[in-house]
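One structure is given below, encoded as structure tokens.
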């Protein structure tokens, strides 16, 4: 059975596992320093970090932001030793069914086969690619680069009407950009 187990800063052993998956799954420009992740857990009630479990065994991580009207998936990765068995699709189904709010996530442009496959994976799960919207992910800190990405949504048919509002929320609340 697939499950999301919510993690707190006190779950040190599980945080060590999550950190290892996080650091090998995402390039440096696509992730925050892990001490900042722990700080968010402690200080920001909208930020959630979950361990993905299959049959009570750790198989990945899921970091997201929960607001009353929207959920944003910041990081989602299945352990490289567990990929290919449908865990990713199963956990996304669990996640989108957890609440009745729309879901937003970022994806790389389909410039190579891996990025194209990732977009197709999310589309198979019911996400919609918004490639007409020019989105830039701000850098996590001064040592990292901004990234040109696309947004994908689930359960949000009116994205065109609120895309600028969503972008501003992500930039200010997730990335700390001041306008």
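The table for this structure:
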| read-out | value |
| --- | --- |
| Estimated inter-spin distance, residue 160 and residue 44, nm [label 7 Å along Cα→Cβ] | 3.1 nm |
| The range 78-172 shape via C-alpha gyration tensor axes, a/c threshold 1.5 | oblate |
| Label-zone membership for the range 158-179, site residue 29, 7 angstrom Cα→C-beta point, backbone N under 19 Å | 171, 175-177 |
| Point-to-point label distance, residue 101-residue 67, nm (Cα→Cβ direction, 7 Å offset) | 0.8 nm |
| Distance histogram in 5 Å bins (all Cα pairs of the range 1-107, percent per bin) | 2, 12, 24, 26, 22, 12, 2, 0 |
| Length added when fully stretched, residue 178-residue 83, from 0.36 nm per residue minus Cα-Cα | 30.4 nm |
| Estimated D of the chain in µm² per second, where Rh is the Kirkwood radius over Cα pairs and Stokes-Einstein applies at 4 °C, 1.567 mPa s | 77 µm²/s |
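Quick note: the coordinates plus some simple rules give every number you see, no bench work behind them. On a predicted model such as this, the values are computed, not experimentally measured, just so you know. Neighbour counts run over all protein chains shown; Cβ positions are idealised from the backbone, glycine included.
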